[in-house]
Ligand SMILES: Cc1ncc(COP(=O)(O)O)c(C=O)c1O
């Protein structure tokens, strides 16, 4: 079978080297004669795995020592509710910045749990010269006391990324589900970072939480024990049985990242991949991007065919050429190519080659 390049937005492709290693040791992990799926999470072998995973993630992201790293259940949406339940007790209020559909969904969850009167939101995306652009107001001018400000630096559906840090008088919470580990970030600028694993880390269901120690002093709402950050910290993310196989694969992805040069190398590669694809979109009249250049996502490149009647033909021919999962999210249509860390440059080259040929054949 010739190479398949999988551009799915998530669950997304994982590094082939990791998948091959997992396949090889599926039935006999660590020389134990059984699978990592079949071993107690409290065994010394599994604990060693979790310690190595955390150490690797700390090194990759340069996480300061006053931050806890948690491996939790519930993916990205699980954290939409966890941040509210953990921090908005005693009528606390939060500010949500909205730059696309996931940050909007986070607002809806917050309103449901904390009540609308405790949740303020600001829409960041403005249409400037016909393109979607993020405009962040000066938060220091807002005369209100919030427990935190929440935003999503990479909107997976809309293809919008915010590259600058948010200048905020309140702790910043970021949903980095679709851009964690894709570029260097300064963790010390955040009160909490979370990410569903299924894009740059591993299988779905798992979520990574990086939380500053002092955040845990904020009062919580009544909540389920398994989503309580304090209990997760006290129990080394093992208050209940964790998703062990997902944790194992995440550990393998972190080790792979270290081997291939860490986040700095990934960032270089991700810049190059996105540049090649956006150049193709801009050069050919056949394709158009609706996002302002400064907010074009490196991870999720959204674009339209100028003649949408050709959409299904484009997708069918791409699929036949081994370029799969390019259909845009059902809420926005068009195309989306997700270029997470595991996508090699060769995948983008193949896509660009296909797009040029498709445009020439259908001009
Ligand atoms: C930015 C972002 N946040 C949250 C989610 C929701 O994640 P989950 O489906 O794991 O709940 C997604 C899913 O794609 C996402 O892209």
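Throughout, read-outs are computed from the coordinates displayed, never taken from laboratory work. Note that this is a predicted model, so its numbers are computed, not measured. Quick reminder, even Gly has a Cβ in these numbers, built from the backbone with ideal geometry, and neighbours come from all protein chains shown.
Which FRET efficiency value, to the nearest 0.05, is calculated for residue 163 and residue 116 with the Förster distance at 25 angstrom and r the Cβ-Cβ distance?
With a Förster radius of 25 Å, E is 0.20.
Taking the simple approach of a point 7 Å from Cα along Cα-to-Cβ for both residue 129 and residue 346, what is their distance in nm?
Using points 7 Å along Cα→Cβ, the separation is 3.8 nm.
Roughly how many Å is it from the Cα centre of region 11-83 to that of region 129-143, as a whole number?
37
For region 63-123, calculate the relative contact order in percent as a whole number, restricting contacts to Cα pairs under 8 Å that are 6 or more residues apart.
36
Nearest 5 percent is fine: what portion of the DSSP beta bridges confined to the chain is antiparallel?
60
Rg and Dmax of region 95-230, Cα atoms, in Å?
15.0, 48
Counting alpha carbon pairs within less than 8 Å and at least 6 residues apart, what relative contact order, in whole percent, applies to the chain?
Averaging sequence separation for qualifying contacts and normalising by length gives 24 percent for the chain.
Need one number: nm distance between label points at residue 55 and residue 238, each 7 Å from Cα along Cα→Cβ, rounded to one decimal.
Modelled inter-label distance: 1.7 nm.
How would you classify region 236-350 from its alpha-carbon gyration tensor, with a ≥ b ≥ c the square roots of the eigenvalues: rounded for a/c under 1.5, else prolate if a/b is greater than b/c, otherwise oblate?
Prolate.
Equivalent ellipsoid semi-axes for the chain, as square roots of 5 times the alpha carbon gyration tensor eigenvalues: give them largest first, rounded to whole Å.
Here the semi-axes work out to 33, 29, 16 Å.
In whole percent, what relative contact order does region 267-335 give with Cα contacts below 8 Å and a gap of six or more residues?
So the answer I get is 26 percent.
Quick check: Cα centre of region 164-226 to Cα centre of region 284-306, how many Å?
Between the Cα centre of region 164-226 and that of region 284-306, the gap is 27 Å.
I want the antiparallel fraction of DSSP beta bridges within region 171-325, as a percent rounded to 5.
Antiparallel: roughly 70 percent of the beta bridges in region 171-325.
Go through 208-215, 327-334 and give me the packing order, highest mean Cβ count within 10 Å leading.
Answer by packing, highest mean first, reads 208-215, 327-334.
Kindly provide the helix-only [θ] at 222 nm of the chain, computed as the sum of -39,500 (n - 2.57) over DSSP H runs of four or more divided by all residues, to the nearest 500 deg cm²/dmol?
Computed ellipticity for the chain at 222 nm equals -11000 deg cm²/dmol.
Let a ≥ b ≥ c be the square roots of the eigenvalues of the Cα gyration tensor of region 1-145; is it rounded (a/c under 1.5), or, if not, prolate (a/b larger than b/c) or oblate?
prolate
How far apart, in nm, are two points set 7 Å out from the Cα along the Cα-to-Cβ line at residue 90 and at residue 189?
With each label placed 7 Å out from Cα toward Cβ, I get 3.0 nm.
Can you tell me which of 63-73, 337-347 comes out highest on packing, and rank the rest after it, using the mean Cβ neighbours within 10 Å?
337-347, 63-73
Cut-off 10 angstrom, C-alpha nodes, Gaussian network model of the chain. Which of 78, 262, 353 fluctuates the most?
353
Could you order the peptides 80-88, 53-61 from most to least packed, using the average number of other C-beta atoms within 10 Å per residue?
80-88, 53-61
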